[in-house]
Amino acid sequence: MGNEFRRDDGLGPAVIRALADRTPGGHRVDAVVAADAVDLLDAWSGADLAIVVDLAMGTPARAGRVRRATSAGVDAVGSIGGHSVDLFTTLELARELGRSPGALVVFTVEGADVRVGIGLSPPVARAVAEVVAAIDTELENWEISESARRRVPDPPGPWPAR
């Protein structure tokens, strides 16, 4: 999520550019730049896993700090960015409409500057690589857990339990 014309709020588009032409873990990646959380309703509907990246303004702020939350902890993320509808409210709406993703992971990076302008502050620019690496790890772990879920159960038989 983000607006690249509001300096650090351009985090999401910067991560998408960093992921361009890559298929982390061999997964299909549909990158969508959303200006507001409600824009995610269509983007993540039917997805097995949705990963949202957005800028957060912390108090006290520590620009460049990366945080991770899952759908179970999105309410703790609170209001991120300058969106009219927060991510938690959007996820609740998606659940009511039957349009929530199978799983949701949110990465936030604390920003320093959301004034009008182009370009990330140095701490947020450095965090882009960390978020991309975290997404790679997330997809790798997702693949492992998916293969475990899809494991064919042992057929019934007289052999001893493992």
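The values are calculated or read from the model by the stated rules, or taken from the named source; none is laboratory data. Fair warning: this is a prediction, and the values are worked out from it, not measured in the lab. These area figures cover heavy atoms from the full protein model, side chains too; ligands, DNA and RNA do not enter into them. Shrake-Rupley method; radii C 1.70, N 1.55, O 1.52, S 1.80 Å.
Of interest is the spacing of the C-alpha centroids, which for segment 83-103 and segment 33-72 amounts to 11 Å. Computed from the Kirkwood radius of its Cα pairs, the Stokes-Einstein diffusion coefficient for segment 82-144 at 10 °C and 1.306 mPa s stands at 111 µm²/s. Sorting Phe88, Phe5, Phe107 by accessible area puts them as Phe5, Phe88, Phe107; the probe is 1.4 Å, largest comes first, and only protein heavy atoms count.
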